[in-house]
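Only one structure is covered here, and it is reproduced in the block below.
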Amino acid sequence: MSHISRSTLIIAFFFGVDKVFALLRQILMGRSYETFELDVFLAANNIPDLLSVLISGGALGVALIPVLSEYMERQGPGSAW
């Protein structure tokens, strides 16, 4: 297995672990708070989180796409990762 494949699997695994913990967090918060309090908390929490995802996702795309394109050009067409 190549280094890139192994790294991709590690990232995918931890992404899945993150989603499981996020689901558990939502379940616990849903049981702990009243509806209005939970809505206020989620609105206050999601705005910075959304901005963070947009900024980091954009930066990742800007940094990653040129690097991968250059790598694929050096390897030639049809090369495997």
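The values are calculated or read from the model by the stated rules, or taken from the named source; none is laboratory data. Just so you know, these numbers come straight off a predicted model, no measurement behind them. Every residue, glycine as well, gets a Cβ built from its backbone with ideal geometry; the counts of neighbours run over all protein chains shown. Remember, those area values only see protein heavy atoms, side chains included, never the ligands or the DNA or RNA. Shrake-Rupley method; radii C 1.70, N 1.55, O 1.52, S 1.80 Å.
Quick rundown of the values:
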quantity: Scope the stretch 24-50; condition over 20 Å from the mean Cα position of the chain (by Cα) and among the β-branched types (Val, Ile, Thr); matching residues; calculated: 27, 35, 40
quantity: Matching residues, the stretch 24-79, being open to solvent by 90 Å² or more (accessible area, probe 1.4 Å) and outside any helix (DSSP H, G or I); calculated: 33, 34, 77
quantity: Residue tally, condition within 13 Å of the chain's Cα centre (by Cα) and open to solvent by 100 Å² or more (accessible area, probe 1.4 Å), over the stretch 1-23; calculated: 5
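Condition check ((1) of a type in the set (Phe, Trp, Tyr); (2) within 22 Å of residue 3 (Cα to Cα); (3) in contact (Cβ under 8 Å) with a residue 24 or more places away in the chain) across all residues:
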residue: 36; (1), (2), (3): yes, no, no
residue: 42; (1), (2), (3): no, no, no
residue: 49; (1), (2), (3): no, no, no
residue: 53; (1), (2), (3): no, no, no
residue: 60; (1), (2), (3): no, yes, no
